[in-house]
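Have a look at the structure below, then the notes.
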Amino acid sequence: MDFNLTEEQLLIKQAAKDFAQNELLPGVIERDELQKFPKNEVQKMGELGFLGMMVDPKYGGSGLDTLSYVLVMEELSKIDASASVIVSVNNSLVCWGLETYGNEEQKEKYLTKLASGQIIGAFCLSEPEAGSDATSQKTTAIDQGDHYLLNGTKNWITNGGTADVYLVIAQTDKEKKHRGINVLILEKGTDGFEIGPKENKLGIRGSDTHSLLFNDVIVPKKNRIGEDGFGFKFAMKTLAGGRIGIAAQALGIAAGAYELALKYSKQRKAFGTEISNHQAIAFKLADMHTQIEAARYLVYKAACDKDKGHDYDLSGAMAKLYASKVAMETTVEAVQVHGGNGFVKEYHVERLMRDAKITQIYEGTSEIQKIVISRSILK
Ligand code: CAA
């Protein structure tokens, strides 16, 4: 493993850091409080090439590797995890899936706009009764010859209200179980497609999460990605890469909280000295630093596996499992280091603590990651 970043990777990391400091930080508390989607900021991230980072430039992307994407995710997440999940879903779950499995017509029509950030996408797998148990899809896409008739409900969909393009996973042939599932490209505004109310969330409050309702929605057959019955494999392959993005998000949240705690501990005085001089605080910082560094190696390793064409199901799952645990533990400790101030919004750590929790839930809960890991090591 060689994590000596190239000059290009270092420049990209710095660009993301500067963007996060200058553009995301100023409004982050207000957006969190009001559940306000970072519309202008997303547009700027599109202009910087952050929304289609790994996509071939011929489809409007930046043509970069997964490690560069992870570096950007980490830097954005230190400041604003709501903005970074929008980046993650668009890159990993929408653009990657379309570029890897879509046909030329689909790429021309949708990928170019998604990768350049002109529009954003959503990935629609979860349902009221199919979260972790993703094969139990109740949404149906019934084959009607030249089109599918889509009916059902999706839940907790990131970019649910703001997306223009939705990749919807649905059951076509119940008898075939997961092999009878398809993935369809659905455009906003299609008749019968309704966006449900916005969820009022604990964390990542700037990103918009909605349920979606489909009532006899007609989706042309040419909007199916891959062969008939490929939808579940599509979801699994796409999520395997998505988990690397969320692992990087968790890493960034942890690192952001740690940096704030470190700085605060050198300024705040108690018992006649800076609190960093008290072993109770210094040891917390030592633990945080060590765990974050370990998480970083796992996240970068998973990204490198993907870039080298190695299998990344296992390394991605391990990276997400561990980095999300570190994000949760580090942010709780960062609030503790800040004492009373940690409980106050202006100090940012309470938001990072709330944001950290979702990294243990979406794109496969920690328990699901343990299923993926244990199956992989036991097979
Ligand atoms: N790559 C390719 N195929 C895979 C795969 C992978 N990584 N993992 C599973 N599959 C295939 C299997 O090979 C099998 O197909 P075949 O029978 O044809 O071989 C099929 O998928 C079913 O696999 P399993 O029998 O293992 O299925 P299972 O029901 O036991 O469990 C699971 C699979 C891993 C638990 C899966 O259901 C899962 O990952 N669940 C979590 C779902 C999830 O991550 N949801 C997140 C929602 S999206 C989100 O959060 C986005 C957002 O907004 C941020």
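The values are calculated or read from the model by the stated rules, or taken from the named source; none is laboratory data. As the structure is a prediction and not an experimental result, all values here were calculated from the model. No Cβ is skipped: glycine too gets one built from the backbone with ideal geometry, and neighbour counts run over all protein chains shown. Side chains are part of the model used for accessible areas, which takes the heavy atoms of the whole protein and leaves out ligands, DNA and RNA. Shrake-Rupley method; radii C 1.70, N 1.55, O 1.52, S 1.80 Å.
The table that follows gives values for the structure above.
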item: In the stretch 364-379, the residues that are touching a residue at least 40 places away in the same chain (Cβ under 8 Å) and more than 7 Å from the ligand (Cβ to nearest atom); result: THR365, SER366, GLU367, GLN369, LYS370, ILE373, SER376, ILE377
item: Restricting the stretch 353-363 to residues that are touching a Leu at 6+ places or on another chain (Cβ under 8 Å) and closer than 30 Å to SER265 by Cβ, the residue that is nearest to the ligand (Cβ to nearest atom); result: ILE358
item: When residues of the stretch 305-320 are limited to those that are in a loop (DSSP other than H, G, I, E, B) and open to solvent by 40 Å² or more (accessible area, probe 1.4 Å), the one nearest to the ligand (Cβ to nearest atom); result: ASP311
item: Residue within the stretch 73-87 that is away from the ligand (no atom under 14 Å from the Cβ), basic (Lys, Arg) and part of a loop (DSSP other than H, G, I, E, B) present; result: no
item: Meets criteria (in contact (Cβ under 8 Å) with a residue 60 or more places away in the chain and closer than 20 Å to ASP208 by Cβ) for LEU125; result: yes
item: Every pair of residues 6+ apart whose Cβ atoms lie under 8 Å, when the first sits in the stretch 255-266 and is open to solvent by 10 Å² or more (accessible area, probe 1.4 Å) while the second is among the charged types (D, E, K, R); result: GLU259/LYS78; LYS266/GLU274
item: Any hit, the stretch 74-96, residues being closer than 29 Å to LYS198 by Cβ and open to solvent by 40 Å² or more (accessible area, probe 1.4 Å); result: yes
item: Subset of the stretch 321-339 that is within 10 Å of ALA356 (Cα to Cα) and surrounded by fewer than 24 Cβ atoms within 10 Å (Cβ to Cβ) - its residue that is farthest from the chain's Cα centre (by Cα); result: VAL332
item: Meets criteria (farther than 21 Å from THR162 by Cα, within 17 Å of the chain's Cα centre (by Cα) and assigned to a helix (DSSP H, G or I)) for ALA16; result: yes
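To keep it simple, each residue is scored yes or no on (1) open to solvent by 10 Å² or more (accessible area, probe 1.4 Å); (2) among the aliphatic types (A, V, I, L, M); (3) over 22 Å from SER132 (Cβ atoms); (4) at pLDDT below 95.
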site: GLY161; (1), (2), (3), (4): yes, no, yes, no
site: PRO197; (1), (2), (3), (4): yes, no, yes, yes
site: ASP208; (1), (2), (3), (4): no, no, yes, no
site: ASP228; (1), (2), (3), (4): yes, no, yes, no
